[in-house]
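To start, the structure under review is shown below, and the notes come after it.
What follows is calculated from the coordinates using simple rules that are stated; it is not laboratory data. Not measured: the values here are computed from a predicted model.
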Amino acid sequence: MDIIVKGNAKAPTNPHPDQLWIDHETGLIHRPNHDPVELNGPTTGREYEELKKASQRNEVAMAHMKRQMLSIFQCTQCRQKFSGKFARIKWRKVDGIDMETLVCFDQKCDGPIIMIEDALDLRKVPGR
């Protein structure tokens, strides 16, 4: 199900029947095959502005996550290559400071991973 959020723009004239969309002008959530429901939460003021900023931060985080899911990583110890999987996070001491380290997705290996092919690298066409 796709979600469309309309801020200052007008509501879509003919939305797709499988899309959920929010119209902030009227304060209604339009769900597929249901009557509109009132938006729970602020629709004006400082709280609404904070909600919009949080929504923007979420979009950036989602784009970063999609990029990492499409990129190809390799473990520095076992040399396995993988993409589409989330790496595990381990806390390690580096120069006396605890830091999060991305490690191999394989439970038997705790080697750090590196990105060997970035999904945003436009010099190489995917699949070639």
**OP:** Could you run the Karplus curve 6.51 cos²θ - 1.76 cosθ + 1.60 with θ = phi - 60° over region 62-78 and give me ³J(HN,Hα) per residue in whole Hz, x for Gly and Pro?
**Re:** 5, 5, 5, 5, 4, 4, 5, 5, 8, 6, 10, 10, 9, 6, 7, 9, 8
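Compute the relative contact order of region 71-117 as a whole-number percentage, counting only Cα pairs closer than 8 Å that sit 6 or more residues apart in sequence.
Value for region 71-117: 45 percent.
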